[in-house]
1. Under a point spin-label approximation (7 Å from Cα along Cα-to-Cβ), what is the Phe254-Ala190 distance to one decimal in nm?
2. So what's the net charge close to Ser6: Lys and Arg +1, Asp and Glu -1, counting the other residues with Cβ under 12 Å from its Cβ?
3. For Glu96, put the label point 7 Å out on the Cα→Cβ axis and report which residues of segment 12-34 keep their amide N under 19 Å from it.
4. Which whole-Hz couplings ³J(HN,Hα) result when phi for each residue of segment 249-257 is put into the Karplus expression 6.51 cos²θ - 1.76 cosθ + 1.60, θ = phi - 60°, listed in order with x for Gly and Pro?
5. By how many nm would the segment from Thr263 to Asp228 lengthen if fully extended, with 0.36 nm per residue of separation less the alpha-carbon distance?
Amino acid sequence: MPLRLSSRADFTLANFQRVAWEGDGAVFAKSALRRMAQTRRQFLALLDSDPEITIYGVTSGYGQMASKRLTPAERKKHARTPPHGSMVAFGIPVPERVARGIVFARLANYIEGHAAISPDLAAAVAELLDGRKLPAVSMEGQGGAGEILGLMAAMSGIPYEVSAETLHPCQVAFVRSDDFMGFIAKHPEAYQGVVRQLSTHYSGACEQLRTVGLSASAPEKLARLLLDWFPEANGIKPGTPTKLPLTHEEIAEFIGTSRETVTRTLSEFKSRQLVALQGSTLMISNRPALETIGAGE
């Protein structure tokens, strides 16, 4: 039976599990649809009352076109154009339950009318949870117009080892490494963007290396991974139960061990009262002790 959504109070962890893990659908209550319709009318009235107002994606383009101011005629055409122009996806898709969870979380932006979208569009998004096959969502991320692929390979002179798949028709410009190196040599100001992207890639690689390569044991690797997933600075209060984003098998692949080892180590953490584990919901009970294990002490 579909989950009926009336307000943001319906977006609980229990309902998230029903939709994402157990496959239940979701529909908006009539009261929520009326609220969306009212706020959309108010939003359209605001646009009509102030022709100079700037709202990203409404009176302007998306992404690299955000600086373009749209005329009223262009706004109508823009509203009927899907927001995906050119994009590519990297890596394998996330599990189906993660994609369902993403869709369910998006409905929370609609239910109070804050997104100012039409009730028909909101209902159409909710219908994606009716059991149909969802579009693939890349685990490694997506790139849009202006994305540079293979930058590190071009700078280091080694082959690029990552493949990319386009999700929609797009235009891709191929630039030879020699030509690119000549360009940044001629335009030194471009080095700032190059260094910024390379630094981001380097930081990510070092973090994964620290978790997987520099840990001496499976408990140490798993402890570091859990601490990275649930940092104290992410706004989650200590002791808050949180869903594990990956299965035991996927965690094992991530830290370079077996599924059995991950399951056994989590059980050990639970018996030592370092974590509380109920199904796929985990809560860090003793962060200092877990940090000690993660530090290899």
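1. It works out to 3.6 nm between the two label points.
2. With Lys, Arg at +1 and Asp, Glu at -1, the neighbours total +3.
3. 16-27
4. Result, ordered by residue: 5, 5, 4, 4, 5, 5, 9, x, 9 Hz.
5. So the chain would gain 10.7 nm between Thr263 and Asp228.
None of the figures in this text is laboratory data; all of them are computed from the coordinates on show. Fair warning: this is a prediction, and the values are worked out from it, not measured in the lab. Counting neighbours? That spans all protein chains shown, and the Cβs are built from the backbone with ideal geometry, glycine included.
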